[in-house]
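Let me begin by presenting the structure, written as structure tokens, before commenting on it.
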Amino acid sequence: MRRFRTAAIATATIASAALVPLVTTTAAEANSAHHTPYVAGVSHHTKRVCAHTHAGAGACDATVWTDAAGTPVANATPAGYGPADLQSAYKLSSLAASNGAGRTVAIVDAYDDPTAAQDLATYRSTYGLPTVPSFRKVSQTGSTTALPAVDGGWAQEISLDLDMVSAACPNCSILLVEGNSASFADLSTAVRYAKAQPGVVAVSNSYGGGESPGETSYAASYKPAVSGQWITASSGDSGYGAQSPAVFNTVVAVGGTSLSRASSTARGWSESAWSGAGSGCSAYIAATFNTSSPCGSKRAESDVSAVADPNTGVAVYDSTAYQGSAGWLVFGGTSASAPFIGGVHALAGSASSSAASLYSGASVFDVRSGSNGRCRKTIAAVCTAGTGWDGPTGVGTPNGGGGLTGF
Ligand SMILES: [Ca+2]
């Protein structure tokens with residue numbers, strides 16, 4: 001079993017509270033991206049909010065800041081990157097103001113988040129985002145009343161997903177489909193429901209599990225239902241090593257970066273591969289849209305990326321308590337990047353922009369530094385960021401200011 005790498009490196013002795021001033025802000029101020037909450041090189045205490053359970057089930061790829069005792073740190077006001085920060089970093093501000101209407105991003109998770117709608121509204125109003133055009137929450141078969149059991153960890157995952165879609169595409173509608181459990185049987189059922197709904201241009205999956213021969217039985221569920229639809233999935237939070245469903249060759253596997261302000265650069269931001277991002281060559285799945293990767297005939301993970309390092313994490317609002325904590329939390333994990341990329345596709349993509357188009361001139365920031373572990377020298381790019389495609393970050397991160405081929 002792979003262990004969660006970030007937990008091992010998150011050994012900083014500086015309390016997170018000392019680094020995140022609890023400033024009182026108006027909505028406009030909160031959205032103005034005027035403060036930098038992060039200190040380079042400082043690691044925070046973090047933990048996964050979903051436990052790995054058993055073979056045949058996925059775990060969510062969300063990681064929350066905690067105190068030294070492991071209790072999630074909840075604040076009364078936001079800490080971490082908000083929508084304006086993320087739109088600035090990925091040059092999406094003008095598109096986010098004008099695009100996305102009439103498009104729906106679907107989120108697939110396990111279990112019920114009873115406060116999903118009101119928490120989403122709190123996040124959006126706090127940051128001055130418009131009210132979501134449409135938000136629907138349904139079971140894996142589309143019921144609005146027969147919802148699954150509540151799970152506090154997955155509820156935080158759901159809030160993270162809803163907030164990241166909102167940050168990328170404020171004018172998009174959101175469909176939340178809740179699997180009965182974290183089994184791949186239930187989650188894939190939820191995906192089949194989600195992808196068949198009218199207007200759904202992206203289906204985001206912020207969970208995964210290690211590869212096994214049995215994974216292929218679920219692959220067809222993760223194939224887009226209509227042209228231009230993307231199925232995104234987290235690459236994993238355990239460093240080098242592939243996982244399902246990201247590794248399926250019809251899925252956009254979303255890796256992760258560390259994202260920091262860099263005022264001396266033209267972009268204003270710098271990025272490196274996050275050490276926890278998953279990547280790898282599949283043991284079972286054939287390559288499709290990245291046949292030039294070092295994995296040769298096998299599927300290479302990942303395809304694209306966005307911020308996922310919890311040490312440069314994002315602000316999330318969740319009022320369904322998990323281990324006693326509710327409020328504004330700071331999250332990382334490729335559970336942040338997968339829904340964000342789904343939102344970017346909904347914001348900028350066209351009906352013909354397939355996942356394969358990521359490899360034909362997509363407008364991206366190439367990530368060229370950082371690593372997520374050790375891999376064989378012959379496939380070094382699969383675990384080490386460099387010029388062009390690499391495993392931890394794929395082709396790079398969105399650069400929405402230019403041509404939008406690929407998104
Ligand atoms: Ca690169």
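Where a number appears in this text, it was derived from the coordinates with a stated rule and is not lab data. All values reported here derive from a predicted model rather than from experimental measurement. Glycine also receives a Cβ, built like all others from the backbone with ideal geometry; neighbour counts cover every protein chain displayed.
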Please give the net charge around Ala89, taking every other residue with its beta carbon less than 9 angstrom from that of Ala89, where Lys and Arg add +1 and Asp and Glu add -1.
+1
For q = 0.09, 0.11, 0.12, 0.14 Å⁻¹, what log10 I(q)/I(0) does the chain give under the Debye formula with an equal point scatterer on each alpha carbon and no solvent?
-0.43, -0.67, -0.81, -1.16
By the scheme Lys and Arg +1, Asp and Glu -1, what is the net charge of all other residues having a beta-carbon under 10 Å from that of Ala380?
+2
Considering the options Tyr81, Ala346, Ala146, tell which one lies farthest towards the positive end of the dipole of the chain, charges being +1 on Lys and Arg and -1 on Asp and Glu at the Cβ, about the Cα centre.
Ala346
From a point 7 Å beyond the Cα of Ala185 in the direction of its Cβ, which residues of the range 199-239 have a backbone N at a distance under 15 Å?
214-215, 217-218
Simple Cβ-charge dipole of the range 229-314, Lys/Arg +1 and Asp/Glu -1, about Cα centre, in debye nearest 20:
120
Give me the extension gain from Val226 to Ser94: residue separation times 0.36 nm, minus the current Cα-Cα distance, reported in nm with one decimal.
44.8 nm
With label points set 7 Å from each Cα along the Cα-to-Cβ direction at Ser292 and Ser319, the distance between them in nm comes to 5.1
Among residues other than Ala286 whose Cβ falls under 10 Å from its Cβ, what is the net charge (Lys/Arg +1, Asp/Glu -1)?
+2
If packing is taken as the mean number of other Cβ atoms within 10 Å per residue, what is the order of 315-321, 205-211, 294-300, highest first?
205-211, 315-321, 294-300
Over the chain, with a Gaussian network built from C-alpha contacts below 10 Å, which listed residue (Phe340, Phe365, Phe248) shows the highest mean-square fluctuation?
Phe365
Running a GNM on the chain with Cα contacts under 10 Å, which residue among Ala348, Ala68, Ala362 ends up with the highest mean-square fluctuation?
Ala68
For the chain, size of Cβ-based charge dipole, Lys and Arg +1, Asp and Glu -1, in debye:
820
What number, rounded to the nearest 500 deg cm²/dmol, is the helix-based mean residue ellipticity at 222 nm of the chain, given -39500 (n - 2.57) per DSSP H run of at least four residues and division by all its residues?
-5500 deg cm²/dmol
